[in-house]
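Let me begin by presenting the structure, written as structure tokens, before commenting on it.
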Amino acid sequence: MKSSAQAVLNLASLINHDASLYEVEDQGLLAPEVALLEADDLSLAEPLNWHIIVRSTGGDDDFILEGNVKGKALMDCRRCLDGVAVEASSSFVYPMMYKAGIESLQLREDDTEEDDVLVFGRPNVDFAELITQLFAIELPLTALCREDCRGLSADGVNLNEHPELIPEVKSEEKPSPFSALKDIEL
């Protein structure tokens, strides 16, 4: 599979109601353009692996989009700020509608139903923006490079790389407030 900045499917046969074709399916590797990555504050460790199927529902201009995306993003460790590769995946299903004249894929909130509807107006539909956003949504809010990460010192030094700078913790054992009750007999 080659990597591309687009995830384009040609839906002309579905739009033209070709009776011999019920669905259009494709998959590939997506290396989104810098603008898409910046819009979602995303950095990727590798291209996104995507798979999409668009099916005709039997209506004139109504379709169903089904697919999944998975990959690895680079995130900062919440303790030491080193880069961490984080895996994520997303499966999705959206109703789609063809409406002539619309330039690119758009998400329209449907007032009559609870579902959002994807609207497109050209036979060649680029799903790159949708795939990138759905992947970004599935990423955790924070990442940890390892469970025993020591974090940063007050001076901003990574304590994983310089353990000699870890301050010694003084153990000042305070008496328990319940120690006065130890001699009471019940």
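The values are calculated or read from the model by the stated rules, or taken from the named source; none is laboratory data. Quantities reported herein were computed from a predicted structural model and do not represent experimental measurements. Backbone-built Cβ (ideal geometry, glycine too); neighbour counts: all protein chains shown.
Details
- One residue stands out in the stretch 141-175 among those that are in contact (Cβ under 8 Å) with a residue 60 or more places away in the chain and part of a loop (DSSP other than H, G, I, E, B): the one that is nearest to Asp82 (Cα to Cα), namely Cys145.
- Residues being in contact with a Ser or Thr (Cβ under 7 Å, 6 or more places away or on another chain) and touching a residue at least 60 places away in the same chain (Cβ under 8 Å) - total across the stretch 71-101: 2
This table checks each residue for (1) within 26 Å of Ala39 (Cβ to Cβ); (2) of a type in the set (Ser, Thr, Tyr); (3) out of contact with any Lys or Arg (no Cβ under 6 Å at 6 or more places or on another chain).
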{"site": "Glu87", "(1), (2), (3)": "yes, no, no"}
{"site": "Ile102", "(1), (2), (3)": "yes, no, yes"}
{"site": "Leu107", "(1), (2), (3)": "yes, no, yes"}
{"site": "Gly121", "(1), (2), (3)": "yes, no, no"}
{"site": "Asn124", "(1), (2), (3)": "yes, no, yes"}
{"site": "Glu129", "(1), (2), (3)": "yes, no, yes"}
{"site": "Pro140", "(1), (2), (3)": "yes, no, yes"}
{"site": "Arg150", "(1), (2), (3)": "no, no, yes"}
{"site": "Pro163", "(1), (2), (3)": "no, no, yes"}
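- Flag for Asn49 being more than 20 Å from Ser104 (Cα to Cα) and out of contact with any helix residue (DSSP H, G or I) (no Cβ under 7 Å at 6 or more places or on another chain): yes
- Only one of Glu185, Glu147 that is of a type in the set (Asp, Glu) and at pLDDT 90 or above: Glu147
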